[in-house]
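Only one structure is covered here, and it is reproduced in the block below.
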Amino acid sequence: MRRSLLQMAALVAIGSLVGLTYNALSPGGLPLRGGTAARLAQEGARMMSLQEVRYYLQQPGTVIVDARSSEEFELGHIPHALNVPADNFAPYYAKVAPELQKAKLIIVYCSGGSCGTSEELAKELIAKGYSDNRVAVFHDGLPGWMRANLPIERGTYKP
Amino acid sequence: MIWAERFARWAVAGIFLAAAVPKILNPSGFAADISHYAMLPDGLVNPLAVILPWIEAVMGLALLSGFSAEGGIVLANLLLVTFLAAMGQAWFRGLDINCGCFGHSGARGEILLSILRDFGFLAVALAALGLRYRRNKTGKVPA
């Protein structure tokens, strides 16, 4: 039993050491500090808090995009949000592209920290050329918005 | 019996090596998958995404080669139980996430299938562990 534990500790130590060394030496290594914000920054997006989202929504040139499905969007979304489901990007993007191209800042959101669709959408937009920190992820998403008792809209998006 | 233990051990090695490679190649995607479980403090997510795939890879190589295989099979069982607990809490909380087990796919709604699959992997890993200790007891492997 003692031998098994010692071997196990050695495997964990070797794996950790190799992982940290490989990450430090690779050009696209993951930032070890800074969590999600640092990871998003490396991908060309920034992470926004609720306060920042509320501030930027009052500035001209800001567009907010809901990355969830159209069914979820219909049930409730942040007022004036566009809908571009990350799972069905191309047709929905085509509908809203003119508005996005004019935007100075595009804020994307989904169902909060446990949903990945806002990050997927942010990556799609960055791949389309929306770079230079024009894309921001509202990580707390709709649950964060609703926790602050902010209004939501219902219904479909009509471009 | 020796070959049964070897096959079980090699099967577990194959599973962990297949799981490690895509995560090593895309640490950012794996970090995103870990963060969607909403279990860990944000500051621990990136370091874990960097080291966990390499622990899996080193352990897989140990199981394949037989060097430190005993510790490797104990570790494999512990990791599988941990993964099952993580996925179980996600399923219980109704999180619509990708398990991230074999790399970042973006697909969602498959957590229950991943749990069932991991129970299968755990059965193989437990068999390898049991057979290993049986070999040790009967003295066919130097203690």
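No lab work stands behind these numbers, since they all come straight from the coordinates. From a predicted model like this one, the values you see are computed outputs, not experimental measurements. A quick note on method: Cβ atoms are made from the backbone with ideal geometry, for glycine too, and the neighbour counts reach across all protein chains shown.
For chain A, give the magnitude of the charge dipole about the Cα centre (Cβ charges: +1 Lys/Arg, -1 Asp/Glu; no others), in debye to the nearest 20.
Numbers: 16 positive and 14 negative charges, 97 e Å.
In debye, rounded to 20, chain A gives about 460.
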What residues from segment B:40-76 fall in the zone where the backbone N is under 18 Å from a label point 7 Å along the Cα-to-C-beta line of residue A:32? B:41-56
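Hey, got the dipole for chain B? About the Cα centre, +1 on K and R Cβ, -1 on D and E Cβ, debye to the nearest 20? Kindly include the intermediate steps, with their values, before the conclusion.
Numbers: 11 positive and 8 negative charges, 134 e Å.
Dipole size: approximately 640 debye.
Given 10 °C and 1.306 mPa s, how large is the Stokes-Einstein diffusion coefficient of segment B:2-137 in µm²/s, with Rh as the Kirkwood radius over Cα pairs? Write down the numbers at each step before the final one.
Working: Rh = 15.2 Å.
After rounding, the answer is 104 µm²/s.
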Over the Cα atoms of segment A:67-157 the radius of gyration and the largest Cα-Cα distance (Dmax), both in Å, equal 12.3, 34
Can you give the Kirkwood hydrodynamic radius of chain A from its Cα pairs, in Å with one decimal? 17.3 Å
Two-decimal ratio, segment A:9-74, of alpha-carbon radius of gyration to 2.2 N^0.38 Å: 1.74
With a length cut of 30 Å (Cα positions projected on each helix's long axis) and a Kyte-Doolittle mean of at least -0.5, go through chain A and give me the DSSP H helices that pass. A:2-25
Would you compute, from DSSP H runs of 4+ residues alone, the mean residue ellipticity of the protein assembly as shown at 222 nm, taking -39500 (n - 2.57) per run and dividing by the full residue count, rounded to the nearest 500? -20500 deg cm²/dmol
Taking the Cβ-Cβ separation of residue B:1 and residue A:74 as r and a Förster radius of 41 Å, what is the calculated FRET efficiency to the nearest 0.05? 0.10
Top positive-direction residue, dipole computed over chain A with Cβ charges, set A:115, A:131, A:17: A:17
With a 10 Å cut-off between alpha carbons and a GNM built on chain A, which of A:13, A:45, A:103 moves the most? A:13
For A:153, A:120, ascending order of other Cβ atoms within 10 Å (fewest first) is A:153, A:120
Modelled FRET efficiency - R0 41 Å, residue A:9 with residue A:49, Cβ distances, 0.05 increments: 0.55
For chain B, the helices passing both cut-offs (Cα extent along own axis of 30 Å or more, Kyte-Doolittle mean at least 1.6, full DSSP H runs) are none
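Assigning unit charges at the beta carbon (Lys, Arg +1; Asp, Glu -1) and nothing else, what dipole magnitude in debye, to the nearest 20, does the protein assembly as shown show about its Cα centre?
Values: 27 positive and 22 negative charges, 210 e Å.
Here the protein assembly as shown has a charge dipole of around 1000 debye.
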In the protein assembly as shown, how does Rg compare with the Kirkwood Rh, expressed as the Rg/Rh ratio over alpha carbon atoms? 1.07
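Local charge sum around residue A:101 (other residues, Cβ-Cβ under 13 Å, Lys/Arg +1, Asp/Glu -1)? Intermediate results must be reported in sequence, preceding the final value.
Values: positive: A:95, A:102, A:104, A:128, A:134; negative: A:99.
Local charge sum for residue A:101: +4.
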Lysine pair count for the protein assembly as shown [Cα-Cα under 23 Å; pairs on different chains or 8 or more apart]: 12
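Counting only C-alpha contacts under 8 Å and six or more residues apart, can you give the relative contact order of chain B as a whole percent? All intermediate terms of the calculation are to be shown ahead of the outcome.
Details: 161 pairs, mean separation 47.7, N = 143.
Relative contact order for chain B comes out at 33 percent.
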